[in-house]
Amino acid sequence: MSGMPLSEIVTYLDDYLHVAEVPDSPGAINGLQVENDGTVGRIVVAVDASQRTIDGVADGPDGTGDRGPALLIVHHGMLWDGNVPVTGRRYRRLRALMDHNIALYAAHIPLDVHPEVGNNVVLAERLGVKIEGWFGQYRGIPLGVYGQVPHALEPREVLREELGRILDEERGAKERTAPPALIPGGPERVKRIGIITGAAGSMVADAKAAGLDTFITGEGNHHSWFDADEWGINLFYAGHYATETLGVQALGSHLSDQFDLPWEFHDHPTGL
């Protein structure tokens, strides 16, 4: 398999995702984190650069072993714990990547906020929400999107079921998981909804300030129950992992079209 130059794909990704311009946590280290021999024959996307994910890429989705040089693109990279020795689990992850000629690219906030393949935009599209604007400031940029919920999803429990169905379907779950957790602080019929995937439970106040009655995110702190209840917001916790499976898949599909390379999604749910 001849493949494409890794450098060409990385340059495209850096530009397409605006990696240099989008602010992020210092531990995110967006962009190419580990290179390979310089060739990409397939693209693999996943949420986390965990050992389980890396081993899955090395084995292939059917467990048949190596299938040539790969570019693994993740939302959560492998350098969050900072400038630490290459020992223990960091060594094992790095060794597996290098042994199997796998390059690793991470896109955290740049993928959350992207207007085409971003986690927030894609989830809004899947729910049929027409985006009217952005809200929730993080280091000078808005993270989330908001808009009017489709009429069919106005009943709060209907929205809850549909949200769970979409997230299960998007990641190819073999069985339905439990519906998203709901803190029913707002009206039973939803009108204006906001979305910030991941761990944005601390941004209930931002949802209130934006005039929303319902807020979807992945997870949050204990006190967010009282925030939602007392500020009159329906707060859905649909899972940090589940809500962030959307962007990497949209990006994988986009890159496949752009570079004529096969792509696949590796699902390693955490249940959180």
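A few notes on this one:
- Residue pairs whose Cβ atoms lie under 7 Å apart, separated by 6 or more positions or on different chains, with the first residue in the range 104-119 and assigned by TED's automatic domain parsing to the domain that holds T39 and farther than 13 Å from V47 by Cβ and the second of a type outside the set (A, V, I, L, M, F, W, C) and assigned to a strand (DSSP E or B), are L104/Q33; Y105/G31; Y105/Q33.
- Restricting attention to the range 63-117, the residues that are surrounded by fewer than 18 Cβ atoms within 10 Å (Cβ to Cβ), under 29 Å from P23 (Cβ atoms) and of a type in the set (G, A, S) total 1.
- I193 meets each of the listed conditions (1) modelled with pLDDT of 95 or more; (2) not assigned by TED's automatic domain parsing to the domain that holds I141 apart from (2).
- Selected residue (criterion: nearest to D37 (Cα to Cα)) from residues of the range 65-94 that are under 25 Å from the mean Cα position of the chain (by Cα) and charged (D, E, K, R): R93
- Taking the range 53-165 and the strands (runs of 3 or more DSSP E) fully enclosed by it, the elements with 1 or more residues that are over 24 Å from P5 (Cβ atoms) are at 70-76, 130-138, 141-148.
- Taken over the range 194-210, the residue count meeting the criterion of being surrounded by 24 or more Cβ atoms within 10 Å (Cβ to Cβ) and in a loop (DSSP other than H, G, I, E, B) is 3.
- Members of the range 2-42 found to be assigned to a strand (DSSP E or B) and in contact with a Pro (Cβ under 7 Å, 6 or more places away or on another chain), listed by number: T39, V40, R42
- Filter result (surrounded by 15 or more Cβ atoms within 10 Å (Cβ to Cβ) and part of a helix (DSSP H, G or I)) within the range 166-193: I166, L167, D168, E170
- Check on P142, farther than 22 Å from H268 by Cα, without any contact (Cβ under 8 Å) to a residue 40 or more places away in the chain and not assigned by TED's automatic domain parsing to the domain that holds I73: yes
- Residues within the range 211-236 that are under 18 Å from N119 (Cβ atoms), surrounded by fewer than 22 Cβ atoms within 10 Å (Cβ to Cβ) and of a type outside the set (D, E), tallied: 0
The values are calculated or read from the model by the stated rules, or taken from the named source; none is laboratory data. Here the structure is a predicted model, which means the values were calculated and not measured. Cβ: placed from backbone, ideal geometry, glycine included. Neighbour counts: every protein chain shown.
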